[in-house]
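The values are calculated or read from the model by the stated rules, or taken from the named source; none is laboratory data. What you see is a predicted model; the values in this text were computed from it and never measured. When we count neighbours, we look across all protein chains shown, and the Cβ atoms used for this are built from the backbone with ideal geometry, even at glycine.
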Amino acid sequence: MDTLTVPRMSQDASIRDIRLDKLARLRELGFDPFGVERFYRTDSARGLIERFAELGGELEEGKPVICFAGRLASQRLMGKAAFAHISDGDGKVQAYFKKDELGEAAWDAFQLLDIGDHVGVEGTLFTTKTGEKSIHVTELTVLSKALQPLPLGKEKDGHQWYGLEDVEQRYRHRHLDLVTNAEAREVLLTRSRIVRAVREYFDTRGFFEVETPILQLEAGGAAARTFNTHYNAYDLNVKLRISLELYLKRIICGDVPKVYEIGRVFRNEGVSNRHNPEFTLLEWYEAYANLEDVMTTVEELFRHVAGLVNQPQKSDKSLPDFSGPWRRVQLLEEIERHTGLTSDDLSTLEKAKRALGEREVKNPVTGKRIVAGAEANLGGLIEKLLEVFVEPTLIEPTFVVGYPIETSPLAKKDPERPGFTRRFEGYVLGREICNAFSEINDPIDQRERFEHQVGERSRGDEEAHPMDEEFLYALECGMPPTGGCGIGIDRMAMLLTGSEHLREVLMFPMMKPN
């Protein structure tokens, strides 16, 4: 066979054109990168290293043949021999190639390979003079040709340079991020472990996982604007769901006492480091349970998940301690502690506005006075004070209990505190992590709450809860006392991986087109 001649390209030729020519030459040599359907692997890269002795790496003779496949991550030619590193994403293994042992055609094919190509190799394990566990390759199979260059960068002693560093490009081309950034890859895979651990917790405690409709005539269960679409089969305008709540509670009405769902929900709102319009929500409902029972479940869930997940440390900050019970604080007491506004000051909207003006309560971050004019009701103002003054101080795991009725249209009234409900939110590191109620099971009370929300909507509040007659009918058929909770899986993943931005834990965050 003729000696390999690498095609000469003009300086104007693109990298892709060069690689297309290499692809054609590989096919001429009988190494079609896209013609192979399957390649058997003895083990993963990590498995080969861990089982090195078992797989014959320390034997002098009679070594078993092992097979390995992955992406070419580095390449070093030395005359008629070469070293390369092959990565399967989970780890890397060094491979040694020698022309005399591969044969002329395979050696020519090896010289046409680029960083990023997928290859399969067969050979035996050995240790190099520098002590690196490696594969002595006797057969080469080309499994894929990368037509675009990969920003793999340089690596030494665990440090990496010149890789994919542009944050926007990492999110926009997540496949490159997974290939080139081990830390980002581990965070994203840890998110999958978190979801698996959540399912394990509920499945082993007698909960049934269910699925509920994404397209709904009335999207309820939260305060949010909707994404709207059209159902051609029925000629109906429908909305993408903003919550899982109302359908899950209809299942409780069907005498299934423990249900949960992990599903995508869609809220047509802004984007920030803690908000994404499309996100994954966990909700569960348990019949005959109250708010305190739900608190116990939240504590147990986080303890269970944190204990099973291999948490990557992304910074010097230690992750929260979930081993003990969470703090429990009352909403109005915390507001008074941070602002001086008493429960009497916050008993009516008029009193609250007057107190804010007289005391010149200021935002601790901006230094500007808090103005109540934008809030249409007392509940909205109270939650605004919570957001500004209390949330940033809730670092250790904390339940904030007792929310106003105006902002809690699905929570039972607190019989001991008029105007407030049996509701809590959980906070960790200054972030809201869960929202829970003792659920309304009185259909008359629920209808009155919906009617009030419809009134708010008619006055311009696009996020007010709609009337849902189907849900009310289910309640009128009878629902037992029930405790329920919702947790954003994305925020849970942020918390347990030490991530600062929601996009770090989303495999494919929404990006504006280039």
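To keep it simple, each residue is scored yes or no on (1) farther than 14 Å from V137 by Cβ; (2) free of Cβ contacts under 8 Å to residues at least 12 places away in the same chain; (3) of a type in the set (F, W, Y).
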position	(1), (2), (3)
D32	yes, no, no
E37	yes, yes, no
E54	yes, yes, no
K63	no, no, no
A81	no, no, no
S87	yes, no, no
V93	no, no, no
E101	no, no, no
L113	no, no, no
- [ ] Could you pull out every one of the strands (runs of 3 or more DSSP E) wholly within the range 236-330 that has 3 or more residues that are without any contact (Cβ under 8 Å) to a residue 12 or more places away in the chain and of a type in the set (G, A, S)?
- [x] none
Task: Filtered residues of the range 413-450 (kept if crowded, with 21+ Cβ neighbours inside 10 Å, within 18 Å of V329 (Cβ to Cβ) and among the aliphatic types (A, V, I, L, M)) - done: V428, I433, A436
- [ ] Could you check the range 421-514 for helices (runs of 4 or more DSSP H) lying wholly inside it with 1 or more residues that are outside the structural domain of V305 (by TED's automatic domain parsing)?
- [x] none
Open item on the list: Checking the structure you have, find out if any residue of the range 97-108 is assigned by TED's automatic domain parsing to the domain that holds E28, part of a strand (DSSP E or B) and either among the hydrophobic types (A, V, I, L, M, F, W, C) or closer than 30 Å to V187 by Cβ (or both).
Closed with: yes
- [ ] Report whether or not I251 is over 21 Å from Y427 (Cβ atoms) and of a type outside the set (D, E, K, R).
- [x] yes
